[in-house]
Structures are given as structure tokens and as C-alpha cells.
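Please treat every number below as a calculation from the coordinates, not as lab data. No experiment lies behind these values; they were computed from the predicted model shown. Methodologically, a virtual Cβ is constructed for each residue, glycine included, from the backbone with ideal geometry; neighbour enumeration extends over all protein chains shown.
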């Protein structure tokens, strides 16, 4: 099987690595890829926001399976374009991807499916926002209705900050909307599920760290680290979320006539009132993919092809290796507001030589002299496995300490509390 992966981040690097481990895979190609991916497989140029360009490339490459990583091409209809050319594609249609592309749409489907979530108001004016903020009170939760690369959410106790973010969202276009939600307490959980539109196969749960700095301080980012599985989670957590959240959403989308085929990502809060959905994404999450796939031992390409071709019910139960995985994101100077590019990255080979460590590239490029340099906000995801969570952290941070990138920063507390026996 020849697999074409679309995307250029650490998520795609992790996908490529896992796909290469599937004995049924003869070749993996990634477009556009990055400097790290190019060390493992052939890469080629493509405008990943252009569905027609992705479909044309899929035909030229004679791909047996196309795996679309980022949300932008999915919302734009890339999976539809690929399937229209007779090629199996792992990724939802544009209509189904609205679960991520519009938070208002996701709320509507959750209501139809009876899925527990926060109370919310959809606002189109600043006056409506102000009224909603006063109704819910602090902490205030303000979400851009559309795609925002993981940074469209502000959670703050400062009303002026909440209003300012809402105004920024509304100013983006004449028909812009913003969602004001009640604050959900409790630990957050990310749970991925593979689905062919009927059958749902959940993966191991993970927890990611959105805030920029240690102790969950600073602005929201695309994610600064993650770990999986969750030692503090109830043993029936995955089964419960699958039954109450994932399967009802997949069923609701099918009943709408827009079946969801691909990866359904549920961001959840374990509140004092039970599980509540924070958001849905329509693709593998980043950086959770790095840790979830690190523990998966079932052949990934076989699993994704079965979902893409409606045969997921025939796949045997998933196999996971014991232990835990931790990933730490190394971000460029100035991230998330104004990341600086062009800084040389060193120590990559030494870090990758450590037992149980994988260094996944995200925002990297190759300079004329062959050295690796930063070319984006989140530059690397340093991922490590260990039989205990503490050991996985130790391996990950040992590798991080070997890597040098001028002005870079990373969190030192990824999975720290969970490794110490505290939730999250």
C-alpha cells in the first residue's frame, strides 16, 4: 500500500513514522512535509489549503490511501476532492468537518445527539457578547466560531480581556460569530476515535497542555506538550465517553446524511457534574498524536484504510504497548505572538539516540549549508516512552536538554503532577 500524508507538522511526522512501521505499507510520501519528515520519506510540494491540488497530487502519486492531517484542507473539502478521484481517503467531508470548522454547528449536533456539553450563547454583536458574559460570570470563556489554529479560545477572569477577544473575532468578517460558554471545571481529557461513519474505535486518552508557561500560565497556544495514557483516569473512562459522546455524535452525523469518516477528536472536561464536551476536532490533534501513536502497536495504515473503506468493524482489537509516552514542545523565540525563524537547531542527533526517544519536527527547514533551522512557532515535539510516567518524563527532558535553539522556550512541567500521583 502506498500512502500519501498531507501536512507539515509534528503530527504528520508522527503519522509518517507510525505508517512506516506497518508491514503492509510499501511507500509513504508526505506533502509538503518538513525537514525532519524529509529525512525519513520523500516529500513533495503542494498547497495544502487547495483541495484540487491535493486530489491531483494523489492521482499523480498513484496513492492507495491519502491521510489528511490538518484541519484547513478538511474544512475546505480536500477529502471530498480525493474521494471524487476514486482514491481512499482518511478524513471527513467538508460538511462533516464542520464539527471543527464551526463551534455553533458542533453545539447544534451535540444537542441533537444528546451529548453533554457546556451552556453557550452564539453572538454576532459586542452587545450580545457583553450580555452573555454577564449571564455566565467569570471565568469567561470566549471562542472564535471558526478555525483559529488552536488559539481562538480565551479563558479569563478579566471581563475587558474577554470583550476584547470577542471584538477581535467579530471584526474578522461581516458574518463572523463568537461563542460565549460557561466555564467547565475539572481535568481536561483528549480522546481520539477512528470511525468509518458507523463503527467507532477509540484510542488511548491523552492530556495536553495549552497554556504557554509552567503552571498553566500565559496565553493559549496550539499545545506545549502532552502525555498518554492517564494513570488517574477511571478504568471505564474510554468506554463511557465512547458510549455517551463519540458513538452518539457519529450516529447523529450519519442520520443527517453526512457521515463522519476519519478521526473524531473529543476535547472533554471531567467536571464535578460529569463529563462535558469542550470541543470537537475533525482530525488527529497535535501534540496528542505524538504520544498516542507512540504506544500504538496495531498497524496504523491498515486501521486507517479500513476506516476509509467502511470496513472498520472487521479490524481486530487494538494492541497497545505497556507504559507511557510524554511529548514536550520546543517553541521558537516569540511564540505564539511573533515566532522567529531562521535560528539553527543543534543536538538533534544526540537527542534521538536516547533510548525510547523520537524527535518529531514541526516548524523546521534546511538551510543552504544543510543545517536544520526553525521555520515556525512550534519547532519540535520531543517524545519519549517509559514503563512509568516518571521515567517517560525523564527520557523526554533528557532529550530536550540536549537540543539547542536560540531564544527557544518549553514547559518543564508536562505530566509532572500526574507522575506524582495527582490528577493532570
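Quick rundown of the values:
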read-out: Estimated translational D of the range 191-230 in µm²/s (Stokes, Kirkwood radius over Cα pairs; 25 °C; 0.890 mPa s); value: 208
read-out: The range 23-102: Rg to Rh, with Rh as the Kirkwood radius over Cα pairs; value: 0.97
read-out: 298, 408 arranged by Cβ crowding within 10 Å, fewest neighbours leading; value: 298, 408
read-out: Diffusion constant of the range 121-181 at 37 °C, which comes from Stokes-Einstein with the Kirkwood Cα-pair radius and 0.692 mPa s, µm²/s; value: 297
read-out: Cα shape, the range 324-419, gyration tensor, a/c 1.5 rule; value: oblate
read-out: Cα coordinate range in the chain, projected on the principal axes (Å, largest first); value: 55, 47, 44
read-out: Cα centroid of the range 189-250 to Cα centroid of the range 295-346, whole Å; value: 13
read-out: Gyration tensor over alpha-carbon atoms, the range 258-404, equivalent ellipsoid semi-axes in Å; value: 30, 19, 18
read-out: Distance from the range 81-140 to the range 1-23 (C-alpha centre basis), Å; value: 28
read-out: Cβ-Cβ FRET estimate between residue 172 and residue 56, R0 fixed at 30 Å, reported to 0.05; value: 0.50
read-out: Average Cα contact separation per residue, the chain, under 8 Å, 6 or more apart, as relative contact order %; value: 16
read-out: Ellipsoid equivalent to the range 1-136 - semi-axes via the Cα gyration tensor, in Å; value: 36, 16, 14
read-out: Distance (nanometres) between label positions extended 7 Å along Cα→Cβ at residue 27 and residue 387; value: 4.2
read-out: Exposure proxy ranking, count of Cβ atoms within 10 Å, fewest first, for 398, 228, 157; value: 157, 398, 228
read-out: Sequence ranges 387-393, 76-82, 327-333, ranked by mean other-Cβ count within 10 angstrom, highest first; value: 327-333, 76-82, 387-393
read-out: The range 200-326: equivalent-ellipsoid semi-axes (sqrt of 5 x gyration tensor eigenvalues, Cα, Å); value: 25, 19, 15
read-out: The range 269-368: relative contact order as a whole-number percent, Cα under 8 Å and 6+ apart; value: 20
read-out: For the chain, calculated [θ]222 nm from helices alone, where every DSSP H run of n ≥ 4 adds -39500 (n - 2.57); value: -8000 deg cm²/dmol
read-out: Computed E for residue 309/residue 367 - FRET, C-beta separation, R0 41 angstrom, nearest 0.05; value: 0.50
read-out: Fewest-first ranking of 42, 276, 98, using other Cβ atoms within 10 Å as the exposure measure; value: 42, 276, 98
read-out: The range 243-285: C-alpha gyration tensor shape, a/c 1.5 cut-off, then a/b vs b/c; value: oblate
read-out: Mean-position separation - Cα centroids, the range 347-424 and the range 161-177, in angstrom; value: 35
read-out: The range 157-222: relative contact order as a whole-number percent, Cα under 8 Å and 6+ apart; value: 16
read-out: Theoretical gain in end-to-end length, residue 135 to residue 243 [0.36 nm per residue, Cα-Cα removed]; value: 35.7 nm
read-out: Sites residue 161 and residue 125 - FRET efficiency at Förster radius 22 Å, r taken between beta-carbons, to 0.05; value: 0.75
